[in-house]
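Working notes for the structure below.
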Amino acid sequence: MLGIEPAANIAERAIRTKGIPTLVEFFDQDLAGRLAARGQFADIIHAHNVFAHVPDPNKFVGGIKQVLKPDGVAVIEAPYVRDLIAKLEFDTIYHEHFSYYSLSSVEALCHRHGLMLRDVELVPIHGGSLRLFIAHAGGPTSLRVGELLAKERSEGLLTFDYYRDFAERVGRLKQQLLELLQRLKKQGQRIAAYGASAKGSTLMNAFGIDRRLLDFVVDRSPLKQGRFTPGNHLPILPPQALLERRPDYVLLLTWNFAAEILAQQDEFRRCGGKFIVPVPEVAVL
């Protein structure tokens with residue numbers, strides 16, 4: 001097993017706590033060429049929630065071609081642009097994400113490098129993702145690949161019109177959410193937020209949500225607690241602050257983990273606290 005991780009602190013943790021040899025580098029054709037020259041080829045390549053962060057997908061997929069064994073498979077998960085558009089997941093569009101993939105775009109990318117889509121699964125993580133099984137060209141492919149490619153064509157994912165009204169829909173969502181938050185504040189309700197995430201910062205700053213509407217943010221990560229959210233400078237506290245400070249409403253910024261978070265906060269909800277889920281439409285739970 002070999003790990004490849006450009007963040008030195010994460011790589012060190014993998015080595016120290018898991019005993020996984022890890023290179024502190026980005027994976028691309030240059031690194032793949034060096035691995036291949038040393039005879040280091042892979043039966044399986046895992047890249048989960050990585051593909052969207054790659055600045056040059058051709059170098060990434062070209063690297064897979066170089067180090068994947070003849071009968072090997074690369075398993076890649078990436079947020080699905082079809083779900084992003086359909087579910088209005090605008091807050092996943094931020095600086096770390098360079099690309100948003102359809103299956104059709106991945107098929108073209110694989111073909112360019114002598115690879116193929118062997119199979120595909122739709123998984124709910126991150127608001128809807130593609131789980132891609134990529135192999136060297138020439139082998140069998142599952143019926144699911146052809147069916148999903150046909151569905152994308154029939155729904156218009158390969159046309160500009162499919163994406164045209166996205167910004168207008170985001171604007172309507174902004175209006176609905178701000179109207180709700182402003183009405184609650186005028187009623188004297190106290191509002192916090194859950195999740196000091198990148199998508200949360202994107203939503204808050206895009207919609208102008210700041211200290212005038214929110215009192216604080218909670219997050220489970222000790223690395224974030226005691227700090228402040230970027231742009232609107234809200235204090236980040238541990239989740240137990242919800243029971244200690246008892247806000248009336250909590251804006252759920254990490255809506256992609258709604259089921260898990262709502263279950264964790266069962267006591268807060270039994271005490272009368274409510275969650276506001278902002279995406280894909282404003283809902284109070």
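The values are calculated or read from the model by the stated rules, or taken from the named source; none is laboratory data. Predicted, not measured: the structure shown is a model, and the values here were computed from it. Note that each Cβ is placed from the backbone with ideal geometry, even for glycine, and that neighbours are counted across all protein chains shown.
Overview of results
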quantity: Residues (in contact (Cβ under 8 Å) with a residue 24 or more places away in the chain, within 16 Å of the chain's Cα centre (by Cα) and not in a strand (DSSP E or B)) located in region 108-136; calculated: 125, 126, 127, 128
quantity: Members of region 62-97 that are closer than 12 Å to residue 136 by Cβ and of a type in the set (Val, Ile, Thr); calculated: 64, 67, 73
quantity: Test: residue in region 46-55 that is in contact with a helix residue (DSSP H, G or I) (Cβ under 6 Å, 6 or more places away or on another chain), at pLDDT 95 or above, surrounded by 14 or more Cβ atoms within 10 Å (Cβ to Cβ) and not in a loop (DSSP other than H, G, I, E, B); calculated: no
quantity: Test: residue in region 168-176 that is surrounded by 13 or more Cβ atoms within 10 Å (Cβ to Cβ) and modelled with pLDDT under 95; calculated: no
quantity: Single residue of 274, 199, 185 found to be charged (D, E, K, R) and touching a helix residue (DSSP H, G or I) at 6+ places or on another chain (Cβ under 6 Å); calculated: 199
quantity: Criterion: touching a helix residue (DSSP H, G or I) at 6+ places or on another chain (Cβ under 8 Å), of a type in the set (A, V, I, L, M) and assigned to a strand (DSSP E or B) - qualifying residue of 36, 32, 74; calculated: 74
quantity: Any chance residue 141 is surrounded by 12 or more Cβ atoms within 10 Å (Cβ to Cβ), in a helix (DSSP H, G or I), in contact with an Asp or Glu (Cβ under 9 Å, 6 or more places away or on another chain) and polar (S, T, N, Q); calculated: no
quantity: Residue that is outside any loop (DSSP other than H, G, I, E, B), touching a residue at least 60 places away in the same chain (Cβ under 8 Å) and among the charged types (D, E, K, R), where the choices are 59, 65, 69; calculated: 65
quantity: Meets criteria (modelled with pLDDT of 95 or more and either closer than 30 Å to residue 170 by Cα or acidic (Asp, Glu) (or both)) for residue 90; calculated: yes
quantity: Check on residue 159, without any contact (Cβ under 8 Å) to a residue 12 or more places away in the chain and part of a loop (DSSP other than H, G, I, E, B); calculated: yes
quantity: Any hit, region 83-97, residues being in contact (Cβ under 8 Å) with a residue 60 or more places away in the chain and touching a His at 6+ places or on another chain (Cβ under 8 Å); calculated: yes
quantity: Some residue of region 97-104 being closer than 25 Å to residue 202 by Cβ, in a helix (DSSP H, G or I) and small (Gly, Ala, Ser); calculated: no
quantity: Boolean, residue 206 is over 30 Å from residue 69 (Cα atoms), of a type in the set (Gly, Ala, Ser), in a strand (DSSP E or B) and in contact with a helix residue (DSSP H, G or I) (Cβ under 8 Å, 6 or more places away or on another chain); calculated: no
quantity: Matching option when the condition is touching a residue at least 24 places away in the same chain (Cβ under 8 Å) and surrounded by 10 or more Cβ atoms within 10 Å (Cβ to Cβ), among 14, 32, 8; calculated: 32
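Residue-by-condition table, conditions (1) out of contact with any Pro (no Cβ under 6 Å at 6 or more places or on another chain); (2) assigned to a loop (DSSP other than H, G, I, E, B); (3) modelled with pLDDT of 95 or more; (4) not β-branched (Val, Ile, Thr):
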{"residue": "181", "(1), (2), (3), (4)": "yes, no, yes, yes"}
{"residue": "192", "(1), (2), (3), (4)": "no, no, yes, yes"}
{"residue": "223", "(1), (2), (3), (4)": "yes, yes, no, yes"}
{"residue": "230", "(1), (2), (3), (4)": "yes, yes, yes, yes"}
{"residue": "239", "(1), (2), (3), (4)": "yes, yes, yes, yes"}
{"residue": "261", "(1), (2), (3), (4)": "yes, no, yes, no"}
